[in-house]
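Asker: One structure is given below, represented as structure tokens, and several questions about it will come after.
The values are calculated or read from the model by the stated rules, or taken from the named source; none is laboratory data. In this text the structure is predicted, and so the values were computed from the model without any measurement. With ideal geometry, Cβ positions are generated from the backbone for all residues, glycine too; neighbour counts draw on all protein chains shown. Heads up: the accessible areas ignore ligands, DNA and RNA and are worked out on the full protein's heavy atoms, side chains in. Shrake-Rupley method; radii C 1.70, N 1.55, O 1.52, S 1.80 Å.
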Number of protein chains: 2
Amino acid sequence: MHRRPTAKDVAEIAGVSRSAVSMVLNGRGAGNIAADKQTAVRAAAEQLGYTPDSVARSLRLQRTRTVGVVTDAIATSPFGGRLLEGAIAAAERHGYVLVVMDTHFDAAREEGAYRTLVDRRVDALLYAAMSYSRYRSPEVLQRTPSALANCVDSAGAVLGFVPDEVAGASAAAQVLVDAGHREVVLLAGDRQNETYDDLLAVPRREAGYRRALEAAGVRWQEPVRGGWEVRPGYEAALAVLQRDDRPTALLCGNDRVAAGAVLAACHLGLRVPQDVSIVGYDDDENFAAPMVPPLTTVRLPFREMGERAFEHVLALLADHDAPSPAGVGRGLEQSEVAVALECPLVERGSVAPPLTR
Amino acid sequence: MHRRPTAKDVAEIAGVSRSAVSMVLNGRGAGNIAADKQTAVRAAAEQLGYTPDSVARSLRLQRTRTVGVVTDAIATSPFGGRLLEGAIAAAERHGYVLVVMDTHFDAAREEGAYRTLVDRRVDALLYAAMSYSRYRSPEVLQRTPSALANCVDSAGAVLGFVPDEVAGASAAAQVLVDAGHREVVLLAGDRQNETYDDLLAVPRREAGYRRALEAAGVRWQEPVRGGWEVRPGYEAALAVLQRDDRPTALLCGNDRVAAGAVLAACHLGLRVPQDVSIVGYDDDENFAAPMVPPLTTVRLPFREMGERAFEHVLALLADHDAPSPAGVGRGLEQSEVAVALECPLVERGSVAPPLTR
DNA sequence: CTGAAAGCGCTTACAG
DNA sequence: CTGAAAGCGCTTACAG
């Protein structure tokens, strides 16, 4: 493993100075360097397989083209990867690279993560939450170009990219309304769980469901609260589906709950969707499409949150380098602390018109 | 946002030279710098919140304490995150940082990923596959300290950390044997899928199942092959459970298939585990524990693969810096191209003794 | 149009 | 025991 070629090596072969090779390779050759020397430089670089050392460049340019992403728990949900994929793809398109850290909800690890990222001179910071929640942005985020994904800043300083839950839930409920259902109950969990004490998706989904139902003149029934997993969904559905006034459709707070509901229907000898319609939420790849029957659900825009958050910091960086004339520009409006991304409805096989009784 | 403090700033406050602050802060002060000056340096650094610039350090030291990880598809499975978490945690413990890239099975993106990682002077490289498979290590991995996670190098050059599938499957089958089952059929998929043409888990799991069954004198039945998802599992189970010689237990190639089998049993009015026992594989957080009943399964050591692969490159790096006396050391044995990590059995509620008929 | 010099922020021999 | 100098590999004014 011999020494990597440097600009000096290229310069010697091409018979020019190091400055010349830098200019040529950075596209500033035209008008500065004679055409034949440019050719010589490119040839030499090619021959040697020369490519400039990023760390030297970073030191000189005072920017690393690296963005740090800290996440509360990549692996908690099947979605973390998608968010990361979106951010990675966007970074790749722009010649950036991501260093990712994971805090597992540990404040000390989080602080450490920010510190090492800052020491490593990342150009910008991203914070991503696995569940749609509130996040109090630490000071470092506020003085560095940054963005949040799947959470909103309770300090109101950093822009967050989040799912448009109320529109999504509204669309989910509308599917049921359109199919003719009048007896619909919502199966959901609490606003808190072990790791988040304020799950924003909960009230927003409920608001969306309720809005669509009430707009169609469908009676809003008190939600049945179990939890967010398969088993609570199973148990809640088991109870609801044995009531005298059994609903014709179940609106489930997420796809896991919906999967539990499918199982419960099955245990009660009820067919889905003929006897009971079920709609989920999340488009969880593990539960929605693979279910029997495949679930009608609403897709959470994880990939998009990652992409958009990355692109936002890129814009911030650009403003930074070239502030717009009047000092205004793409800067944040005071009101605009989050942008809501579409949650598209995905219709599959778990909804049918209600049986006329 | 004012200028970050540099060693020079600290030196001025402390009244020493820049070299002195470097020495002190790197723990080489003792015996070189007077005690009171050491104190002064530390105080000044503290006061300024000084912390050395990693990129300058990287340039000077010619190592970045960064390792590049390229993965075929982080988000394809719920496991990708766990592997990454393991690697990130190990990196964090050693003051390293990970830059992660994702190729989505695209050869051009993969090549690009390695190139940018090399340009960025990562100290080592990790390649992680989402399904246990073969990987032909590119040349760059062979001339850089590196390791594979969840795949084995078909070129035999780079050490891979993989699950011990045969032992795991053997344990899964043994649970059934111990419970008294004699009629067991395996529900599984093919050795290929859309993205991998050689899924190593398949033959190994089958070998493990078979070994345990035959050792116990249980007849080995031809596996029923559907696929690796819930629906194929459902369909295969539906067929098998309606046979005249209905087995008393189903050994499922993974937890999704097992979930499908649970659903099929339910549709046929068969109780799990009383009428039919089911065991899965993977300990898929989405399907195993949350299932009704919770699945007995085998855990895939994703976190461990990430950790061990990282630690391996660390060891390689150490050898690199300080080659062992005789030139030998922790180098790879010719035979040792992969280390198999334990897949622990996790017993839950889907296995019971067979009904005596 | 081109090359020599300075400097990004560090660390490590090397003189004193 | 301490400071001045060199140098990691680049890029960008600045002289010529």
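Asker: Can you send over the carbon and sulfur percentage of the accessible area for region B:7-52, probe radius 1.4 Å, protein chains only?
Answerer: 48 percent
Asker: While we're here: Is there a quick way to get the dipole size of region A:1-131? I mean about its Cα centre, with the Cβ of Lys and Arg at +1 and of Asp and Glu at -1; what is the value in debye to the nearest 20?
Answerer: Computed charge dipole of region A:1-131: roughly 580 debye.
Asker: Right, another one. Using the 7 Å Cα-to-Cβ label point, sort the distances from B:GLU139 to its equivalents in the other copies shortest first and give them in nm to one decimal.
Answerer: 5.2
Asker: Using the Karplus equation 6.51 cos²θ - 1.76 cosθ + 1.60 (θ = phi - 60°), what ³J(HN,Hα) coupling, rounded to whole Hz, does each residue of region A:161-172 give in order, writing x for Gly and Pro?
Answerer: Once rounded to whole Hz, the list reads 10, 9, x, 7, 5, 5, 5, x, 5, 4, 5, 4.
Asker: Just to be sure I understand: of the beta bridges DSSP finds with both ends in chain A, what percent are antiparallel, rounded to 5?
Answerer: Of all bridge pairs located within chain A, approximately 10 percent are antiparallel.
Asker: Something else about it: Mind listing, in residue-number order, the residues in region A:276-296 that have at least 40 Å² less accessible area with every protein chain present than in their own chain alone (1.4 Å probe)?
Answerer: Output list: A:GLU285, A:ASN286, A:PHE287, A:PRO290, A:VAL292.
Asker: Something else now. Given the options A:GLY68, A:GLY227, A:GLY112, state which has the largest fluctuation in a GNM of chain A using a 10 Å cut-off (strictly under) for Cα springs.
Answerer: Looking only at A:GLY68, A:GLY227, A:GLY112, the largest GNM fluctuation is found for A:GLY112.
Asker: For region A:82-104, state which residues have at least 50 Å² less accessible area in the presence of all protein chains than in their chain by itself, taking the probe as 1.4 Å and leaving out ligands, DNA and RNA.
Answerer: A:GLU85, A:ILE88, A:GLU92, A:VAL97, A:VAL100
Asker: Taking H placed 1.01 Å from N in the peptide plane, check which residues at least 5 places from A:ALA149 or on another chain put their amide H under 5 Å from its amide H.
Answerer: Amide H neighbours of A:ALA149: A:TYR127, A:ALA128, A:ALA129, A:PHE161.
Asker: Between A:ALA237, A:HIS94, A:LEU83, whose Cα lies farthest towards the positive end of the dipole of chain A when Lys and Arg beta carbons carry +1 and Asp and Glu beta carbons carry -1, centred on the Cα centre?
Answerer: Comparing the listed Cα positions along the dipole, A:HIS94 ranks first.
Asker: Separation of region B:164-180 and region A:216-254 by C-alpha centroid, Å?
Answerer: Here the two parts' Cα centres lie 39 Å apart.
Asker: When ligands, DNA and RNA are left out and all protein chains stay put, how many square angstrom of accessible area per residue does chain B have with a 1.4 Å probe?
Answerer: That works out to 43 Å² for each residue.
Asker: For region A:165-300, which whole-number percentage of the solvent-accessible area (1.4 Å probe, protein heavy atoms only) is attributable to carbon and sulfur atoms?
Answerer: Looking at region A:165-300 in its full context, I get 46 percent from C and S.
Asker: Note the buried accessible area between A and B here, summed over both chains, with a 1.4 Å probe, in Å² to the nearest 100.
Answerer: Chains A and B together bury approximately 5100 Å².
Asker: Oh, and also: What is the set of long-range amide H partners of B:CYS343 at a cut-off below 5 Å, with H atoms built 1.01 Å from backbone N?
Answerer: Amide H neighbours of B:CYS343: B:ASP164, B:GLY168.
Asker: Could you give me the ³J(HN,Hα) list for region B:275-285, computed from phi with Karplus coefficients 6.51, -1.76, 1.60 and θ = phi - 60°, whole Hz, x at Gly and Pro?
Answerer: Values per residue, Gly and Pro as x: 8, 8, 8, 9, 10, x, 7, 3, 6, 5, 4 Hz.
Asker: With springs connecting C-alpha atoms under 10 Å apart, model chain A as a Gaussian network and identify which of A:ALA315, A:ALA169, A:ALA44 has the largest mean-square fluctuation.
Answerer: Between A:ALA315, A:ALA169, A:ALA44, it is A:ALA44 that shows the largest mean-square fluctuation.
Asker: A:VAL262 accessible area, nearest 10 Å², 1.4 Å probe?
Answerer: Taking all protein chains as shown, A:VAL262 has close to 10 Å².
Asker: Please tell me the relative contact order of chain B in percent, rounded to the nearest whole number, where contacts are Cα pairs under 8 Å and at least six residues apart.
Answerer: 17 percent
Asker: Kindly write out, for region A:243-250 in residue order, the coupling ³J(HN,Hα) from the Karplus curve 6.51 cos²θ - 1.76 cosθ + 1.60 (θ = phi - 60°), rounded to whole Hz, with x marking Gly and Pro.
Answerer: Couplings: 5, 5, 8, 3, x, 8, 8, 10 Hz.
Asker: Okay, next question. Express the relative contact order of region A:2-122 as a whole percentage, based on alpha carbon pairs under 8 Å and six or more residues apart in sequence.
Answerer: 22 percent
Asker: I need the inter-copy label distances for A:ALA207: point set 7 Å along Cα to C-beta, values in nm with one decimal, smallest first.
Answerer: Reported distances to equivalent positions: 5.8 nm.
Asker: Rounded to whole Å, give me the distance from the Cα center of region B:1-44 to that of region B:81-101.
Answerer: Result: 31 Å between the Cα centres.
Asker: What does the helix-only formula give at 222 nm for chain B: each DSSP H stretch with n ≥ 4 adding -39500 (n - 2.57), the total divided by the residues, and the result rounded to the nearest 500 deg cm²/dmol?
Answerer: -12500 deg cm²/dmol
Asker: A further question follows. Quick one: accessible surface of A:ASP319, probe radius 1.4 Å, all protein chains present, in square angstrom to the nearest 10.
Answerer: Accessible area of A:ASP319: about 40 Å².
Asker: What figure in square angstrom, to the nearest 10, would you give for the accessible area of B:HIS320 with a 1.4 Å probe?
Answerer: Looks like 110 Å² after rounding.
Asker: Where the only charges are on Cβ atoms (+1 Lys, Arg; -1 Asp, Glu), what is the dipole of region A:7-52 about its Cα centre, to the nearest 20 debye?
Answerer: I would put it at about 160 debye.
Asker: Go through A:ILE278, A:LEU186, A:VAL337 and say which Cα lies farthest out towards the positive end of the charge dipole of the protein assembly as shown; charges sit on Cβ, +1 for Lys and Arg, -1 for Asp and Glu.
Answerer: A:VAL337
Asker: With a bin width of 10 angstrom, please list the P(r) values of chain B as percents of all Cα-Cα pairs, from the 0 bin to the one holding the largest distance.
Answerer: 5, 21, 23, 18, 14, 9, 6, 3, 0, 0
Asker: Would you calculate the volume per residue, in Å³, of the smallest convex hull containing every Cα atom of the protein assembly as shown?
Answerer: Here the figure is 197 Å³ per residue.
Asker: Please give the charge dipole size of region B:143-208, origin at the Cα centre, charges +1 on K and R Cβ atoms and -1 on D and E Cβ atoms. Round to the nearest 20 debye.
Answerer: 160 debye
Asker: Using only alpha carbon pairs under 8 Å that are at least six residues apart, calculate the relative contact order of region B:165-300 and give it in whole percent.
Answerer: Relative contact order, region B:165-300: 25 percent.
Asker: Label region A:212-258 by shape, choosing from rounded, prolate and oblate, from the square roots a ≥ b ≥ c of the eigenvalues of the Cα gyration tensor; if a/c is under 1.5 it is rounded, and otherwise prolate applies when a/b is larger than b/c, oblate when it is not.
Answerer: Because a/c hits 1.5 or more and a/b fails to exceed b/c, region A:212-258 counts as oblate.
Asker: May I pose another question? I want to verify a result. In a Gaussian network model of chain B, Cα cutoff 10 Å, which of these has the top mean-square fluctuation: B:PRO301, B:PRO78, B:PRO163?
Answerer: Among B:PRO301, B:PRO78, B:PRO163, the largest GNM mean-square fluctuation belongs to B:PRO78.
Asker: Once you order the gyration tensor axes a ≥ b ≥ c over the Cα atoms, which shape class does region B:165-300 get: rounded for a/c under 1.5, otherwise prolate or oblate by comparing a/b with b/c?
Answerer: Cα axes put region B:165-300 in the rounded bin.
Asker: Which distances, shortest first and in nm, link B:GLY15 to the matching position in the other copies, using label points set 7 Å out along Cα to C-beta?
Answerer: 5.9
Asker: Does region A:183-238 come out rounded, prolate or oblate by the C-alpha gyration tensor, with a ≥ b ≥ c the root eigenvalues, rounded set by a/c under 1.5 and, if not, prolate when a/b is larger than b/c and oblate if not? Intermediate values should be presented prior to the final figure.
Answerer: Working: a/c = 3.49, a/b = 1.40, b/c = 2.50.
Since a/c reaches 1.5 but b/c is at least a/b, the shape of region A:183-238 is classed as oblate.
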